[in-house]
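The structure appears below as structure tokens.
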Amino acid sequence: MEEIVSLDTFQPFDGMIQMFPHHNFPYFNCDYNLLLTLAKYFKKDELPILNNVITIYKFDKQKMQARGYFKLQVLDLEEGDKILEEMGITVRRKSPEIDSLQDEIINSITNGNPISIFIDLFYQRGRDFYYNQKHGLHPVFVYGFNLTNDEIYTVDDIAEYRHYSLPFSEFKISCMSSEHIKMPNYFWEYVLESPADHDSLNDKKLAQTHINKFIENMCRYENEITESLNNILLLAENFEFVVTNETIIETLSSTIYRKCSEKYRLNALYKHNIDHINAKPILDSLLDQIINDWMVVRIYTNKAIMSQKFSKGILDKCMGILNKIYTNEVRFNTQFYLMLKAAQ
């Protein structure tokens, strides 16, 4: 009989895949997927995590031949640790000797504590961009261990964000890299300090506090967010120069999944009675249109790259769609702030 030590209720955050079934989008980035997975396991409210992000469009003409010339930048309002602390979850960082790694993992899991372990992607099979090519540290959730066949159970985003199992010997190698000099405390254990509070009245009050804080933060950044929309026009104006940049598809893809993350958050906010002016139909329609238009720009760009035909017709089409995105973003932003201010 197999001997398995496991957190049986440990499930990866799947909110984005439910909203966008045909895509493997993270919520803004893999760090937020990690936080949301912890909230799910410890039965904590998602709101403080969802509301920790401000997004701002950036365009840098100096970087047009390099990386990062355009992005929908993610600003974190608080450190991940601080959010977890407010939720009653403590992070214990350790640096176990490689020979005692298995014992440390089993000990944490036996105590009901999930772990994230930073591995070097150079040694992770399935990670095409990194495997045997490029070094880089990346956190992987560990929630189980099969002592019979020496397999480790993880949650990761190799192909999609889900459960994986692999030989412990293979996993161990990815923890022994010279990369770990950058992060000696590579083993993070998550411990619930305060038990889950199921007082619905308290939960309601707490949710309202998070909503108020979110509105306050968004209003603090209103001018910066509004002004940043002009960077979409700058992208349109310079599109013929960036369309040949090898990072263009990656740039458009990250913009798309970040807009999709905004949609996920908006849906969560509606559930907390934030919409006093019935803005939902307009906001949903505009955001869907914006996401769809970014996807269309990516399709045209991809076709041009594949065929190596950067015709004036294609460029004009993309520039036209980008101008339309700008107009819809301005309309969305105006309506969004009207809704937030009505909820104050």
Matching residues, the range 1-48, being out of contact with any Ser or Thr (no Cβ under 7 Å at 6 or more places or on another chain) and among the acidic types (Asp, Glu): Asp8, Asp14, Asp31, Asp45, Glu46
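Please indicate, with yes or no, whether at least one residue in the range 138-147 is in contact (Cβ under 8 Å) with a residue 12 or more places away in the chain, more than 23 Å from the chain's Cα centre (by Cα) and crowded, with 19+ Cβ neighbours inside 10 Å. Write out each step before concluding.
Step one: filter the range 138-147 for residues in contact (Cβ under 8 Å) with a residue 12 or more places away in the chain, giving 138-147.
If we keep only those that are more than 23 Å from the chain's Cα centre (by Cα) too, we end up with 144-147.
Next, only the ones that are crowded, with 19+ Cβ neighbours inside 10 Å stay: 144-145.
For the range 138-147, residues in contact (Cβ under 8 Å) with a residue 12 or more places away in the chain, more than 23 Å from the chain's Cα centre (by Cα) and crowded, with 19+ Cβ neighbours inside 10 Å: present.
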Considering residues of the range 163-178 that are open to solvent by less than 50 Å² (accessible area, probe 1.4 Å) and in contact with a helix residue (DSSP H, G or I) (Cβ under 7 Å, 6 or more places away or on another chain) only, the residue nearest to Ser116 (Cα to Cα): Cys175
Criterion: over 21 Å from Phe59 (Cα atoms) and either open to solvent by 80 Å² or more (accessible area, probe 1.4 Å) or of a type in the set (Ser, Thr, Tyr) (or both) - qualifying residue of Asn217, Asn267, Asn278, Asn212: Asn278
Members of the range 20-33 found to be loosely packed, with under 15 Cβ neighbours inside 10 Å and either in contact with a Cys (Cβ under 9 Å, 6 or more places away or on another chain) or in the same structural domain as Leu166 (by the TED database) (or both), listed by number: His23
Close pairs from the range 297-312: first of a type in the set (D, E, K, R), partner open to solvent by less than 100 Å² (accessible area, probe 1.4 Å), Cβ under 6 Å, at least 6 apart: Arg298/Leu252
Residues located in the range 34-51, provided they are open to solvent by 10 Å² or more (accessible area, probe 1.4 Å) and free of Cβ contacts under 8 Å to residues at least 40 places away in the same chain: Lys40
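Mind telling me which of the residues Glu193, Glu246, Glu224, Glu160 ends up being of a type in the set (Asp, Glu), open to solvent by 50 Å² or more (accessible area, probe 1.4 Å), in contact (Cβ under 8 Å) with a residue 40 or more places away in the chain and under 30 Å from Ala304 (Cβ atoms)?
Numbers: Glu193 fails: under 30 Å from Ala304 (Cβ atoms); Glu246 fails: in contact (Cβ under 8 Å) with a residue 40 or more places away in the chain; Glu224 fails: under 30 Å from Ala304 (Cβ atoms).
From the options Glu193, Glu246, Glu224, Glu160, the qualifying one is Glu160.
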Glu85, sole failed condition from (1) touching a strand residue (DSSP E or B) at 6+ places or on another chain (Cβ under 9 Å); (2) open to solvent by less than 50 Å² (accessible area, probe 1.4 Å); (3) modelled with pLDDT under 95: (2)
Flag if Leu77 is open to solvent by 20 Å² or more (accessible area, probe 1.4 Å) and touching a residue at least 60 places away in the same chain (Cβ under 8 Å): yes
Positions within the range 102-138 being closer than 22 Å to Asp14 by Cβ and either out of contact with any strand residue (DSSP E or B) (no Cβ under 8 Å at 6 or more places or on another chain) or modelled with pLDDT of 95 or more (or both), in sequence order: Ile109, Gly112, Asn113, Pro114, Ile115, Ser116, Ile117, Gln124, Gly126, Arg127
Some residue of the range 287-298 being open to solvent by 10 Å² or more (accessible area, probe 1.4 Å) and outside any helix (DSSP H, G or I): no
In the range 98-113, residue least open to solvent (accessible area, probe 1.4 Å) [restricted to those that are part of a loop (DSSP other than H, G, I, E, B) and touching an Asp or Glu at 6+ places or on another chain (Cβ under 9 Å)]: Asn113
The range 94-153: number of residues that are farther than 24 Å from Glu2 by Cβ and of a type in the set (Val, Ile, Thr): 2
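The values are calculated or read from the model by the stated rules, or taken from the named source; none is laboratory data. Computed from a predicted structure; not experimentally measured. All Cβ positions, even for glycine, are placed from backbone atoms using ideal geometry, and neighbour counts span all protein chains on display. Only protein heavy atoms, including side chains, enter the accessible area calculation; ligands, DNA and RNA are left aside. Shrake-Rupley method; radii C 1.70, N 1.55, O 1.52, S 1.80 Å.
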